[in-house]
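Asker: Submitted below is the structure of interest, expressed as C-alpha coordinates.
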Amino acid sequence: MKTIYLDHAATTPVHPEAEAAMLPYFRENYANPSAAYKTASEVREKTEQARAFLAKTLHAKPAEIYFTSGGTESDNWAIKGAARLLKAKGRHIITSAIEHHAVLNSCADLEREGFQVTYLGVSEQGEIRLSELEKAIRPDTILISVMYANNEVGTIQPVAGIGAIASQNGIIFHTDAVQAYGQLPIDVNKSHIDLLSASGHKLNGPKGTGFLYVNEKIPLPSLLYGGGQERGKRAGTENVPGIIGFGKAAEIACKTRAERERHIAKMRDHLIARLLSEIPYTRLNGSRKNRLPGNCNVSFQFVRGAELLSKLNEENICASVGAACTCGASAPSHVLLAMGLPENIARGTLRLTIGYENTFEEIDYTADCIRNNVAALREKSEEYQHFYIR
Ligand code: PLP
(Lines give C-alpha, C1' and ligand atoms only; values in the text may rest on other atoms or scores of the structure.)
Protein backbone atom coordinates (compact mmCIF):
# COMPACT_ATOMS: atom_id res chain seq x y z
CA MET A 1 0.00 0.00 0.00
CA LYS A 2 1.31 3.40 -0.97
CA THR A 3 2.34 5.81 1.76
CA ILE A 4 0.40 9.07 1.85
CA TYR A 5 2.80 11.72 3.03
CA LEU A 6 1.07 14.67 4.71
CA ASP A 7 3.89 15.98 6.88
CA HIS A 8 5.56 18.54 4.61
CA ALA A 9 6.10 20.99 7.48
CA ALA A 10 8.42 18.38 9.01
CA THR A 11 10.38 17.76 5.84
CA THR A 12 9.89 17.30 2.09
CA PRO A 13 11.22 14.88 -0.52
CA VAL A 14 14.17 16.19 -2.52
CA HIS A 15 13.00 17.37 -5.94
CA PRO A 16 14.42 15.11 -8.71
CA GLU A 17 15.98 18.13 -10.45
CA ALA A 18 17.64 19.20 -7.20
CA GLU A 19 18.96 15.66 -6.73
CA ALA A 20 20.27 15.59 -10.29
CA ALA A 21 21.99 18.95 -9.78
CA MET A 22 23.75 17.64 -6.67
CA LEU A 23 24.99 14.28 -7.94
CA PRO A 24 28.02 15.40 -10.01
CA TYR A 25 29.46 17.10 -6.94
CA PHE A 26 29.80 13.90 -4.93
CA ARG A 27 32.07 11.85 -7.21
CA GLU A 28 32.74 13.64 -10.50
CA ASN A 29 33.78 17.03 -9.24
CA TYR A 30 34.41 16.73 -5.53
CA ALA A 31 36.98 19.53 -5.36
CA ASN A 32 37.21 21.71 -2.30
CA PRO A 33 35.90 25.10 -3.44
CA SER A 34 38.80 26.84 -1.68
CA ALA A 35 41.42 24.96 -3.74
CA ALA A 36 43.43 26.59 -6.51
CA TYR A 37 42.79 24.34 -9.54
CA LYS A 38 40.28 24.53 -12.38
CA THR A 39 37.80 21.96 -11.05
CA ALA A 40 37.69 23.84 -7.75
CA SER A 41 36.89 27.11 -9.45
CA GLU A 42 33.97 25.42 -11.21
CA VAL A 43 32.68 24.24 -7.83
CA ARG A 44 33.20 27.72 -6.42
CA GLU A 45 31.29 29.24 -9.30
CA LYS A 46 28.37 26.84 -8.78
CA THR A 47 28.08 27.58 -5.07
CA GLU A 48 28.28 31.30 -5.78
CA GLN A 49 25.53 30.95 -8.40
CA ALA A 50 23.35 29.32 -5.74
CA ARG A 51 24.16 32.13 -3.30
CA ALA A 52 23.31 34.77 -5.90
CA PHE A 53 20.01 33.10 -6.73
CA LEU A 54 18.99 32.70 -3.09
CA ALA A 55 19.85 36.37 -2.48
CA LYS A 56 17.72 37.42 -5.45
CA THR A 57 14.69 35.58 -4.07
CA LEU A 58 14.79 37.90 -1.03
CA HIS A 59 15.79 41.08 -2.92
CA ALA A 60 19.10 40.87 -1.06
CA LYS A 61 22.76 40.92 -2.12
CA PRO A 62 24.80 37.72 -2.53
CA ALA A 63 27.24 38.92 0.15
CA GLU A 64 24.34 39.00 2.61
CA ILE A 65 23.74 35.22 2.38
CA TYR A 66 25.72 32.89 4.68
CA PHE A 67 25.29 29.15 4.19
CA THR A 68 24.56 27.14 7.34
CA SER A 69 23.47 23.61 8.22
CA GLY A 70 19.80 24.62 8.42
CA GLY A 71 17.16 26.56 10.28
CA THR A 72 18.29 25.66 13.79
CA GLU A 73 21.82 26.87 13.19
CA SER A 74 20.61 30.06 11.50
CA ASP A 75 18.23 30.85 14.38
CA ASN A 76 20.92 30.24 17.00
CA TRP A 77 23.45 32.34 15.14
CA ALA A 78 21.05 35.23 14.50
CA ILE A 79 19.78 35.49 18.08
CA LYS A 80 22.96 34.85 20.01
CA GLY A 81 25.04 36.79 17.49
CA ALA A 82 22.80 39.88 17.72
CA ALA A 83 22.81 39.61 21.52
CA ARG A 84 26.60 39.45 21.64
CA LEU A 85 26.92 42.29 19.16
CA LEU A 86 24.69 44.65 21.13
CA LYS A 87 25.01 43.56 24.75
CA ALA A 88 26.71 46.83 25.71
CA LYS A 89 23.70 48.74 24.36
CA GLY A 90 21.02 46.62 26.02
CA ARG A 91 20.02 43.17 27.16
CA HIS A 92 16.34 42.98 26.30
CA ILE A 93 14.91 40.79 23.54
CA ILE A 94 11.33 40.48 22.29
CA THR A 95 10.05 37.28 20.72
CA SER A 96 6.71 35.46 20.57
CA ALA A 97 5.35 32.61 22.64
CA ILE A 98 4.75 30.49 19.52
CA GLU A 99 8.27 30.38 18.06
CA HIS A 100 10.03 27.17 17.11
CA HIS A 101 12.23 25.77 19.86
CA ALA A 102 15.34 26.79 17.91
CA VAL A 103 14.35 30.38 18.78
CA LEU A 104 12.79 29.75 22.20
CA ASN A 105 15.75 27.73 23.46
CA SER A 106 18.26 30.24 22.07
CA CYS A 107 16.41 32.93 24.03
CA ALA A 108 16.35 30.71 27.12
CA ASP A 109 20.11 30.29 26.80
CA LEU A 110 20.52 34.06 26.72
CA GLU A 111 18.26 34.42 29.78
CA ARG A 112 20.70 32.20 31.67
CA GLU A 113 23.40 34.70 30.67
CA GLY A 114 21.43 37.59 32.13
CA PHE A 115 19.43 38.80 29.12
CA GLN A 116 15.73 39.53 29.61
CA VAL A 117 13.20 38.19 27.13
CA THR A 118 9.59 39.29 26.58
CA TYR A 119 7.43 36.55 25.03
CA LEU A 120 4.54 38.20 23.19
CA GLY A 121 1.20 36.45 23.42
CA VAL A 122 -0.90 35.79 20.32
CA SER A 123 -4.53 36.09 19.26
CA GLU A 124 -6.83 33.08 18.96
CA GLN A 125 -5.65 32.86 15.32
CA GLY A 126 -2.00 32.78 16.37
CA GLU A 127 -1.02 36.32 15.33
CA ILE A 128 1.00 38.70 17.46
CA ARG A 129 -0.56 42.15 18.02
CA LEU A 130 1.51 45.08 16.78
CA SER A 131 0.21 47.30 19.59
CA GLU A 132 1.57 44.81 22.15
CA LEU A 133 4.89 44.70 20.35
CA GLU A 134 5.13 48.49 20.54
CA LYS A 135 4.29 48.45 24.23
CA ALA A 136 6.94 45.81 24.93
CA ILE A 137 9.78 47.91 23.49
CA ARG A 138 12.14 49.35 26.12
CA PRO A 139 15.17 51.62 25.81
CA ASP A 140 17.38 48.53 26.22
CA THR A 141 15.59 46.38 23.58
CA ILE A 142 18.17 45.18 21.06
CA LEU A 143 16.39 42.46 19.10
CA ILE A 144 12.92 41.45 17.93
CA SER A 145 12.63 37.87 16.71
CA VAL A 146 9.24 36.85 15.32
CA MET A 147 8.69 33.98 12.91
CA TYR A 148 7.39 34.60 9.37
CA ALA A 149 4.87 31.75 9.51
CA ASN A 150 4.17 29.23 12.22
CA ASN A 151 5.20 25.60 11.71
CA GLU A 152 2.25 24.10 13.60
CA VAL A 153 -0.79 26.16 12.67
CA GLY A 154 0.54 27.88 9.54
CA THR A 155 -0.41 31.40 10.64
CA ILE A 156 1.50 34.12 8.79
CA GLN A 157 2.65 37.01 10.99
CA PRO A 158 2.29 40.72 10.09
CA VAL A 159 5.99 40.76 9.18
CA ALA A 160 6.08 44.11 7.34
CA GLY A 161 4.40 45.79 10.33
CA ILE A 162 6.87 44.21 12.76
CA GLY A 163 9.79 45.29 10.55
CA ALA A 164 8.50 48.85 10.37
CA ILE A 165 8.24 49.07 14.17
CA ALA A 166 11.72 47.57 14.63
CA SER A 167 13.23 49.94 12.10
CA GLN A 168 11.53 53.05 13.59
CA ASN A 169 12.98 52.10 16.97
CA GLY A 170 16.46 51.18 15.72
CA ILE A 171 16.07 47.55 16.80
CA ILE A 172 17.39 44.53 14.86
CA PHE A 173 14.58 42.40 13.39
CA HIS A 174 15.15 38.67 12.91
CA THR A 175 12.56 36.41 11.36
CA ASP A 176 12.56 32.62 11.29
CA ALA A 177 11.29 32.08 7.74
CA VAL A 178 11.94 28.33 7.70
CA GLN A 179 8.31 27.52 6.89
CA ALA A 180 7.68 30.57 4.72
CA TYR A 181 10.74 30.58 2.47
CA GLY A 182 9.83 29.14 -0.93
CA GLN A 183 6.13 29.31 -0.15
CA LEU A 184 5.61 33.07 0.22
CA PRO A 185 7.19 35.98 -1.64
CA ILE A 186 9.65 37.71 0.71
CA ASP A 187 11.27 41.14 0.35
CA VAL A 188 13.75 41.88 3.12
CA ASN A 189 13.92 45.57 2.19
CA LYS A 190 10.20 46.24 2.10
CA SER A 191 9.68 44.31 5.34
CA HIS A 192 12.75 45.84 7.08
CA ILE A 193 14.15 42.40 7.87
CA ASP A 194 17.74 42.46 9.17
CA LEU A 195 18.27 38.74 9.77
CA LEU A 196 16.34 35.86 8.17
CA SER A 197 16.67 32.10 8.70
CA ALA A 198 15.85 29.59 5.95
CA SER A 199 16.20 25.83 5.58
CA GLY A 200 16.61 23.70 2.46
CA HIS A 201 14.69 20.58 3.44
CA LYS A 202 11.37 22.39 3.79
CA LEU A 203 11.27 23.30 0.09
CA ASN A 204 12.28 20.02 -1.54
CA GLY A 205 15.97 20.62 -1.01
CA PRO A 206 18.40 18.43 0.93
CA LYS A 207 18.51 18.18 4.73
CA GLY A 208 21.38 19.84 6.55
CA THR A 209 21.30 22.94 4.34
CA GLY A 210 20.17 26.45 5.07
CA PHE A 211 21.23 30.05 5.17
CA LEU A 212 21.17 33.13 7.32
CA TYR A 213 20.51 36.42 5.55
CA VAL A 214 22.41 39.19 7.31
CA ASN A 215 21.80 42.79 6.28
CA GLU A 216 25.17 44.15 5.19
CA LYS A 217 24.93 46.96 7.75
CA ILE A 218 24.99 44.48 10.66
CA PRO A 219 28.46 43.27 11.72
CA LEU A 220 27.14 40.01 13.14
CA PRO A 221 29.92 38.19 15.05
CA SER A 222 31.30 35.02 13.42
CA LEU A 223 29.61 31.75 14.30
CA LEU A 224 32.54 29.41 13.68
CA TYR A 225 36.25 30.16 13.58
CA GLY A 226 38.60 28.27 11.30
CA GLY A 227 39.39 28.86 7.64
CA GLY A 228 38.03 31.89 5.88
CA GLN A 229 34.90 30.26 4.41
CA GLU A 230 31.69 32.31 4.28
CA ARG A 231 33.80 35.45 4.45
CA GLY A 232 35.26 34.39 7.77
CA LYS A 233 31.86 34.25 9.49
CA ARG A 234 31.10 30.55 9.35
CA ALA A 235 34.25 28.52 8.82
CA GLY A 236 34.31 24.92 7.55
CA THR A 237 34.48 23.34 4.11
CA GLU A 238 31.23 24.07 2.33
CA ASN A 239 28.52 21.42 1.88
CA VAL A 240 28.88 21.78 -1.88
CA PRO A 241 26.26 19.26 -3.12
CA GLY A 242 23.87 20.50 -0.44
CA ILE A 243 24.28 24.15 -1.39
CA ILE A 244 23.79 23.35 -5.08
CA GLY A 245 20.74 21.20 -4.34
CA PHE A 246 19.27 23.89 -2.08
CA GLY A 247 19.81 26.51 -4.79
CA LYS A 248 18.12 24.32 -7.40
CA ALA A 249 15.19 23.51 -5.11
CA ALA A 250 14.70 27.22 -4.39
CA GLU A 251 14.82 27.96 -8.11
CA ILE A 252 12.06 25.42 -8.79
CA ALA A 253 10.04 26.60 -5.80
CA CYS A 254 10.17 30.20 -7.03
CA LYS A 255 9.40 29.33 -10.62
CA THR A 256 6.36 27.24 -9.75
CA ARG A 257 5.23 29.06 -6.60
CA ALA A 258 2.00 30.68 -7.80
CA GLU A 259 0.68 27.55 -9.49
CA ARG A 260 1.71 25.26 -6.61
CA GLU A 261 0.16 27.59 -4.06
CA ARG A 262 -3.18 27.48 -5.90
CA HIS A 263 -3.14 23.69 -6.23
CA ILE A 264 -2.00 22.99 -2.66
CA ALA A 265 -4.41 25.53 -1.13
CA LYS A 266 -7.30 23.93 -3.03
CA MET A 267 -6.45 20.52 -1.54
CA ARG A 268 -6.07 22.10 1.91
CA ASP A 269 -9.45 23.83 1.71
CA HIS A 270 -11.09 20.62 0.53
CA LEU A 271 -9.57 18.70 3.44
CA ILE A 272 -10.56 21.35 5.99
CA ALA A 273 -14.11 21.53 4.61
CA ARG A 274 -14.54 17.77 4.77
CA LEU A 275 -13.14 17.40 8.30
CA LEU A 276 -15.19 20.27 9.71
CA SER A 277 -18.43 19.26 8.03
CA GLU A 278 -18.21 15.50 8.54
CA ILE A 279 -16.78 15.24 12.06
CA PRO A 280 -18.66 16.90 14.93
CA TYR A 281 -16.78 18.71 17.71
CA THR A 282 -13.89 19.57 15.44
CA ARG A 283 -12.12 22.93 15.16
CA LEU A 284 -9.62 24.42 12.80
CA ASN A 285 -6.64 26.03 14.49
CA GLY A 286 -4.92 29.09 13.08
CA SER A 287 -5.98 31.86 10.74
CA ARG A 288 -8.36 31.15 7.87
CA LYS A 289 -6.98 34.02 5.82
CA ASN A 290 -3.30 34.43 6.74
CA ARG A 291 -2.35 30.79 6.48
CA LEU A 292 0.36 28.80 4.72
CA PRO A 293 -1.16 27.11 1.66
CA GLY A 294 -0.52 23.51 2.78
CA ASN A 295 -1.40 23.71 6.47
CA CYS A 296 -4.41 22.00 8.03
CA ASN A 297 -4.28 21.91 11.84
CA VAL A 298 -7.42 20.54 13.48
CA SER A 299 -8.48 19.50 16.97
CA PHE A 300 -10.97 16.72 17.58
CA GLN A 301 -12.63 16.87 20.96
CA PHE A 302 -12.70 13.59 22.97
CA VAL A 303 -9.74 12.18 21.02
CA ARG A 304 -6.03 12.01 21.74
CA GLY A 305 -4.00 13.25 18.79
CA ALA A 306 -1.26 10.69 19.46
CA GLU A 307 -3.78 7.80 19.32
CA LEU A 308 -5.34 9.10 16.12
CA LEU A 309 -1.88 9.50 14.62
CA SER A 310 -0.99 5.90 15.35
CA LYS A 311 -4.26 4.72 13.75
CA LEU A 312 -3.45 6.77 10.65
CA ASN A 313 0.04 5.31 10.67
CA GLU A 314 -1.53 1.84 10.40
CA GLU A 315 -3.28 3.10 7.25
CA ASN A 316 0.06 4.36 5.86
CA ILE A 317 -0.78 8.01 6.35
CA CYS A 318 2.08 10.18 7.65
CA ALA A 319 0.97 13.21 9.64
CA SER A 320 1.93 14.67 13.00
CA VAL A 321 0.47 16.12 16.17
CA GLY A 322 2.63 19.23 16.05
CA ALA A 323 6.26 20.14 15.44
CA ALA A 324 8.27 17.15 14.22
CA CYS A 325 10.96 17.53 16.84
CA THR A 326 8.49 17.54 19.74
CA CYS A 327 6.70 14.36 18.59
CA GLY A 328 6.76 11.92 21.45
CA ALA A 329 6.63 14.75 23.98
CA SER A 330 3.60 14.26 26.17
CA ALA A 331 2.98 17.96 26.82
CA PRO A 332 0.38 19.66 24.61
CA SER A 333 1.68 22.12 22.02
CA HIS A 334 2.97 25.42 23.41
CA VAL A 335 1.60 27.08 20.25
CA LEU A 336 -1.97 25.91 20.80
CA LEU A 337 -1.88 26.76 24.50
CA ALA A 338 -0.62 30.27 23.66
CA MET A 339 -3.58 30.60 21.27
CA GLY A 340 -5.88 29.92 24.22
CA LEU A 341 -6.91 26.32 23.53
CA PRO A 342 -7.76 24.35 26.66
CA GLU A 343 -5.30 21.52 27.32
CA ASN A 344 -7.77 18.71 26.62
CA ILE A 345 -8.63 20.13 23.18
CA ALA A 346 -4.99 20.84 22.37
CA ARG A 347 -4.21 17.17 23.05
CA GLY A 348 -6.68 16.13 20.36
CA THR A 349 -4.79 17.87 17.57
CA LEU A 350 -3.58 16.64 14.22
CA ARG A 351 -1.35 18.58 11.81
CA LEU A 352 -1.63 17.64 8.14
CA THR A 353 0.69 19.52 5.81
CA ILE A 354 0.19 19.11 2.08
CA GLY A 355 2.81 19.21 -0.68
CA TYR A 356 2.80 19.48 -4.45
CA GLU A 357 3.01 15.72 -4.99
CA ASN A 358 -0.20 14.99 -3.06
CA THR A 359 -3.45 14.35 -4.94
CA PHE A 360 -7.15 14.92 -4.28
CA GLU A 361 -7.61 11.13 -4.11
CA GLU A 362 -5.08 10.99 -1.26
CA ILE A 363 -6.81 13.86 0.51
CA ASP A 364 -10.20 12.15 0.22
CA TYR A 365 -8.81 8.82 1.42
CA THR A 366 -7.21 10.62 4.38
CA ALA A 367 -10.43 12.46 5.24
CA ASP A 368 -12.32 9.12 5.19
CA CYS A 369 -9.72 7.49 7.45
CA ILE A 370 -9.74 10.37 9.90
CA ARG A 371 -13.55 10.42 10.08
CA ASN A 372 -13.74 6.66 10.69
CA ASN A 373 -10.93 6.59 13.22
CA VAL A 374 -12.19 9.60 15.17
CA ALA A 375 -15.60 7.89 15.41
CA ALA A 376 -14.00 4.63 16.57
CA LEU A 377 -11.81 6.36 19.17
CA ARG A 378 -14.78 8.34 20.48
CA GLU A 379 -16.76 5.12 20.86
CA LYS A 380 -14.07 4.02 23.32
CA SER A 381 -13.84 7.37 25.08
CA GLU A 382 -15.61 7.48 28.43
CA GLU A 383 -15.62 11.26 28.30
CA TYR A 384 -17.39 11.21 24.95
CA GLN A 385 -19.90 8.58 26.01
CA HIS A 386 -20.72 10.58 29.12
CA PHE A 387 -21.07 13.76 27.07
CA TYR A 388 -23.13 12.04 24.39
CA ILE A 389 -25.57 10.30 26.77
CA ARG A 390 -26.25 13.57 28.58
N1 PLP B 1 12.17 26.98 12.53
C2 PLP B 1 10.99 26.50 12.12
C3 PLP B 1 9.80 27.40 12.07
C4 PLP B 1 10.88 25.16 11.73
O5 PLP B 1 9.70 24.68 11.33
C6 PLP B 1 12.03 24.33 11.79
C7 PLP B 1 11.95 22.90 11.43
O8 PLP B 1 10.97 22.27 11.61
C9 PLP B 1 13.25 24.90 12.20
C10 PLP B 1 13.28 26.22 12.56
C11 PLP B 1 14.52 24.09 12.23
O12 PLP B 1 15.00 23.91 10.92
P13 PLP B 1 16.06 22.76 10.59
O14 PLP B 1 15.32 21.47 10.64
O15 PLP B 1 16.55 23.10 9.23
O16 PLP B 1 17.13 22.86 11.62
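The values are calculated or read from the model by the stated rules, or taken from the named source; none is laboratory data. Just so it is clear, the model here is predicted, and its values are computed rather than measured. Using ideal geometry, Cβ is built from the backbone for each residue, glycine included, and neighbour counts are taken over all protein chains shown.
Asker: Could you check segment 169-218 and list, in sequence order, the residues that are closer than 18 Å to THR95 by Cα and within 11 Å of the ligand (Cβ to nearest atom)?
Answerer: THR175, ASP176, ALA177, VAL178, GLN179, ALA180, SER197, ALA198
Asker: Pick out the one residue from LYS255, LYS289, LYS266, LYS248 that is part of a helix (DSSP H, G or I), more than 15 Å from GLY182 (Cα to Cα), away from the ligand (no atom under 16 Å from the Cβ) and not aromatic (Phe, Trp, Tyr).
Answerer: LYS266
Asker: While we're here: Run down ASP109, ASP75 and say which single residue is among the charged types (D, E, K, R), free of Cβ contacts under 8 Å to residues at least 60 places away in the same chain and within 30 Å of VAL153 (Cβ to Cβ).
Answerer: One residue alone meets the criteria, ASP109.
Asker: Which of the numbered conditions does ARG231 fail, given that it passes all the others? Conditions: (1) outside any loop (DSSP other than H, G, I, E, B); (2) more than 24 Å from ALA20 (Cβ to Cβ); (3) touching a strand residue (DSSP E or B) at 6+ places or on another chain (Cβ under 7 Å); (4) in contact (Cβ under 8 Å) with a residue 40 or more places away in the chain.
Answerer: (3)
Asker: Quick one: THR95 ticks every box in (1) buried (at least 19 other Cβ atoms within 10 Å of the Cβ); (2) more than 15 Å from the ligand (Cβ to nearest atom); (3) closer than 23 Å to GLU152 by Cα bar one, so which box is it?
Answerer: Of the numbered conditions (1) buried (at least 19 other Cβ atoms within 10 Å of the Cβ); (2) more than 15 Å from the ligand (Cβ to nearest atom); (3) closer than 23 Å to GLU152 by Cα, the odd one out for THR95 is (2).
Asker: Are any residues in segment 36-59 closer than 24 Å to HIS174 by Cβ and aromatic (Phe, Trp, Tyr), and if so, which ones?
Answerer: PHE53 - this is the single residue of segment 36-59 that is closer than 24 Å to HIS174 by Cβ and aromatic (Phe, Trp, Tyr).
Asker: Out of LEU223, LEU133, report the one residue that is within 16 Å of the ligand (Cβ to nearest atom), at pLDDT 95 or above and out of contact with any Pro (no Cβ under 7 Å at 6 or more places or on another chain). Even if it seems obvious, please write down each step before you answer.
Answerer: Values: LEU133 fails: within 16 Å of the ligand (Cβ to nearest atom).
From the options LEU223, LEU133, the qualifying one is LEU223.
Asker: Something else: Being part of a loop (DSSP other than H, G, I, E, B), surrounded by 13 or more Cβ atoms within 10 Å (Cβ to Cβ) and modelled with pLDDT of 65 or more is the filter here, so list the residues in segment 309-331 that pass it.
Answerer: GLU315, ASN316, ALA319, VAL321, GLY322, ALA323
Asker: Going through ASP176, ASP187 one at a time, which residue ends up being modelled with pLDDT of 95 or more and out of contact with any strand residue (DSSP E or B) (no Cβ under 9 Å at 6 or more places or on another chain)? Give the derivation first.
Answerer: Values: ASP176 fails: out of contact with any strand residue (DSSP E or B) (no Cβ under 9 Å at 6 or more places or on another chain).
From the options ASP176, ASP187, the qualifying one is ASP187.
Asker: Assess whether ALA306 counts as being surrounded by fewer than 20 Cβ atoms within 10 Å (Cβ to Cβ), in a helix (DSSP H, G or I) and touching a Gly at 6+ places or on another chain (Cβ under 8 Å).
Answerer: Numbers: surrounded by fewer than 20 Cβ atoms within 10 Å (Cβ to Cβ): yes; in a helix (DSSP H, G or I): yes; touching a Gly at 6+ places or on another chain (Cβ under 8 Å): no.
No: the conditions fail for ALA306.
Asker: Another question about this same structure. Checking the structure you have, find out if any residue of segment 2-21 is free of Cβ contacts under 8 Å to residues at least 40 places away in the same chain, within 20 Å of LYS255 (Cα to Cα), hydrophobic (A, V, I, L, M, F, W, C) and surrounded by 14 or more Cβ atoms within 10 Å (Cβ to Cβ).
Answerer: Scanning segment 2-21, I find no residue that is free of Cβ contacts under 8 Å to residues at least 40 places away in the same chain, within 20 Å of LYS255 (Cα to Cα), hydrophobic (A, V, I, L, M, F, W, C) and surrounded by 14 or more Cβ atoms within 10 Å (Cβ to Cβ), so the answer is no.
Asker: Going by what's in this entry, would ASN239 be described as within 22 Å of ALA102 (Cα to Cα), crowded, with 24+ Cβ neighbours inside 10 Å and within 16 Å of the ligand (Cβ to nearest atom)?
Answerer: No, not satisfied.
Asker: Also, quick follow-up: Would you check which residues across segment 375-385 are part of a helix (DSSP H, G or I) and more than 15 Å from ASN313 (Cβ to Cβ) and list them?
Answerer: ALA375, ARG378, GLU379, GLU382, GLU383, TYR384, GLN385
Asker: Going through SER191, SER197, SER167 one at a time, which residue ends up being outside any loop (DSSP other than H, G, I, E, B), of a type in the set (Ser, Thr, Tyr) and more than 14 Å from the chain's Cα centre (by Cα)?
Answerer: SER167
Asker: Pick out the one residue from PRO62, PRO24, PRO33 that is over 24 Å from ASN169 (Cα atoms) and under 26 Å from the mean Cα position of the chain (by Cα).
Answerer: None of the other options fit; the residue is PRO62.
Asker: So, one more: What are the residues in segment 346-387 that are of a type in the set (A, V, I, L, M, F, W, C), closer than 17 Å to ILE272 by Cβ and either under 22 Å from the mean Cα position of the chain (by Cα) or surrounded by 18 or more Cβ atoms within 10 Å (Cβ to Cβ) (or both), if any?
Answerer: LEU350, LEU352, ILE354, ILE363, ALA367, CYS369, ILE370, VAL374
Asker: Taking segment 242-271 only, how many residues are out of contact with any Phe, Trp or Tyr (no Cβ under 9 Å at 6 or more places or on another chain), of a type outside the set (Asp, Glu), closer than 14 Å to ILE354 by Cβ and surrounded by fewer than 21 Cβ atoms within 10 Å (Cβ to Cβ)?
Answerer: 2
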